[in-house]
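Just below is one structure, and these are the notes that go with it.
The values are calculated or read from the model by the stated rules, or taken from the named source; none is laboratory data. Here the structure is a predicted model, which means the values were calculated and not measured. Using ideal geometry, Cβ is built from the backbone for each residue, glycine included, and neighbour counts are taken over all protein chains shown.
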Amino acid sequence: MKKIISIIILGALSFCGVCFAGENAPMAVKAQKEETLPFWESYGDELLNGYIQEALENNLSIKIAGARIKESEAILGTINAQRLPQLSINPSVYPYRTISRWSGNFGSGNLLYFPLLLNWELDIFGKISDRVQASKMGVKISKEDLNIAKLAVSSEIAASYFNIVLDDKLIKNYEEIVSNLNETLRLKKQLYEGGIIPYDNLYTSEYELVNQKNQLNSLLRQREILLHQFAVLRGVSPDEGSNIQRVSVDKLDFPFGVNAEISSDLIFKRPDVIQAEYGIKKAAFDVKAAKKAFLPSINLNEMVGFESLKAGRLFNWDSNVYQLGGGLLLDLYTGGYKMAYLKYNKELAVEKLHQYNNVLLNAVCETENSLSSYKADYNSYSEFKDMIEKSGHYYKVANIRYTNGTGNRIDELAARRQFLVNENSMYLARISALVDTINIYKALGGSIN
């Protein structure tokens with residue numbers, strides 16, 4: 001009879017464990033590949049597209065954010081596992097010594113104990129479920145961290161690329177300006193030595209030459225720094241990633257017009273806004289879990305095993321023992337810990353709400369600032385573009401005069417320098433406007449649609 005009862009109990013335990021695991025087993029939360037919207041494709045530069053894809057795969061900040069997702073999923077697994085029965089085995093040996101009350105003789109031996117223990121905290125009040133939900137929100141927060149990192153890296157890659165392209169053009173123009181001034185200075189020295197021009201005219205050109213050389217050196221240094229940063233963003237060593245292919249500044253185009261209609265609702269697609277929203281939800285579950293900590297814990301305890309004084313008879317069915325029971329645990333006094341913990345979670349929920357509102361306000365501010373900057377820089381670019389046409393015409397006239405003998409070489413060189421200076425200003429405004437479009441995409445979460 002004991003043998004039959006033991007088999008029934010073991011079978012019931014196995015069945016309960018299987019059913020519970022089937023319904024409430026920890027779900028394998030797979031990190032879905034969250035990709036930011038490919039705003040960079042709107043610039044129509046295949047080289048830029050390739051560099052951003054390379055950065056999304058190799059950038060270390062993105063890899064760190066990806067590792068944190070796996071960390072949060074592992075924490076979720078540890079909490080979810082608490083919903084399942086806990087099985088353990090505890091083989092024990094208890095030495096004993098006795099004395100006979102009749103003969104006074106001593107006796108000794110060992111009590112052998114081989115139990116299978118089951119402990120199952122029944123989540124009747126949903127205490128563990130709320131912690132699981134809070135942990136799931138933590139996983140989503142980690143995923144938005146990854147999206148934030150991707151958006152930041154892709155924006156920095158695009159901005160650095162545009163500035164490198166700009167420096168290429170500026171350096172080329174400044175090299176021509178320096179060469180132009182060297183020739184101008186050579187001609188003025190001849191005029192000065194001939195007594196045709198005063199020294200202050202010669203000195204002005206010498207001073208301008210020094211300034212332009214310093215500006216050229218600054219641009220060369222700036223381009224090297226940008227190339228090093230560009231390599232690090234792509235996960236490449238700075239000394240290996242300096243030689244990159246890039247287009248000319250004339251081939252870069254604006255992805256949308258300055259008067260494009262942009263909905264303010266797009267800020268709700270920003271990963272930091274979504275993350276702040278998940279933060280509020282997580283805080284709400286944490287408050288619920290803190291409230292339910294005042295409720296009792298109900299445990300189901302079961303033991304099935306063998307007990308014998310002799311090792312040879314340990315696994316006989318006559319030696320089997322079993323025990324089934326339940327327990328209720330209610331903390332009567334914890335020194336105010338639970339009340340303080342509840343207060344902490346409530347204040348944390350209020351903080352998360354303020355944080356969400358703050359993120360929204362900053363998102364609106366960043367969007368408005370980016371739009372205003374884009375309009376201002378684009379207008380500057382348009383004005384410089386009109387000026388370039390006039391400056392080009394002025395240089396053409398000076399060149400014709402010099403060719404026909406009605407003008408001099410120094411005036412032609414001065415007209416060419418003025419054209420190059422105006423062209424530099426135009427390209428500076430153009431790239432500034434392009435970087436503003438990147439900031440608009442970033443402020444709206446990667447899309448304006």
Going by the structure shown, is residue 429 over 47 Å from the mean Cα position of the chain (by Cα), small (Gly, Ala, Ser), surrounded by 14 or more Cβ atoms within 10 Å (Cβ to Cβ) and on the phi < 0 side of the Ramachandran plot?
-> no
Inside segment 340-378, the number of residues satisfying the requirement of being under 30 Å from residue 291 (Cα atoms), in contact with an Asp or Glu (Cβ under 8 Å, 6 or more places away or on another chain) and charged (D, E, K, R) is 0
Residue 141 being under 22 Å from residue 230 (Cβ atoms), assigned to a helix (DSSP H, G or I), modelled with pLDDT of 95 or more and within 38 Å of the chain's Cα centre (by Cα) | no
Exactly one condition in (1) surrounded by 20 or more Cβ atoms within 10 Å (Cβ to Cβ); (2) of a type in the set (Gly, Ala, Ser); (3) not in a helix (DSSP H, G or I) is not met by residue 398; state its number.
-> (3)
Identify, by number, the condition in (1) within 26 Å of residue 178 (Cα to Cα); (2) part of a helix (DSSP H, G or I); (3) modelled with pLDDT under 95 that residue 420 doesn't meet.
-> (3)
Extreme residue, farthest from residue 159 (Cα to Cα), among residues of segment 380-405 that are without any contact (Cβ under 8 Å) to a residue 40 or more places away in the chain and of a type in the set (S, T, N, Q) | 404
Answer with yes or no whether residue 351 is more than 30 Å from residue 111 (Cα to Cα), acidic (Asp, Glu) and either more than 37 Å from the chain's Cα centre (by Cα) or assigned to a loop (DSSP other than H, G, I, E, B) (or both).
-> no
Quick check, is residue 222 more than 26 Å from the chain's Cα centre (by Cα), part of a helix (DSSP H, G or I) and buried (at least 17 other Cβ atoms within 10 Å of the Cβ)?
-> no
Within segment 432-447, work out how many residues are outside any helix (DSSP H, G or I) and buried (at least 20 other Cβ atoms within 10 Å of the Cβ).
-> 3
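Residues are listed down the side, and each one gets a yes or a no for (1) surrounded by fewer than 12 Cβ atoms within 10 Å (Cβ to Cβ); (2) of a type in the set (A, V, I, L, M); (3) modelled with pLDDT of 95 or more:
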position: 11; (1), (2), (3): yes, no, no
position: 32; (1), (2), (3): yes, no, no
position: 43; (1), (2), (3): no, no, no
position: 81; (1), (2), (3): no, yes, no
Name the residues in segment 299-314 that are farther than 10 Å from residue 112 by Cα and part of a strand (DSSP E or B), would you?
-> 299, 300, 301, 302, 303, 304, 305
Run residue 321 past the list (1) within 30 Å of residue 53 (Cβ to Cβ); (2) of a type outside the set (D, E, K, R); (3) assigned to a strand (DSSP E or B) and report the number of the one that doesn't hold.
-> (1)
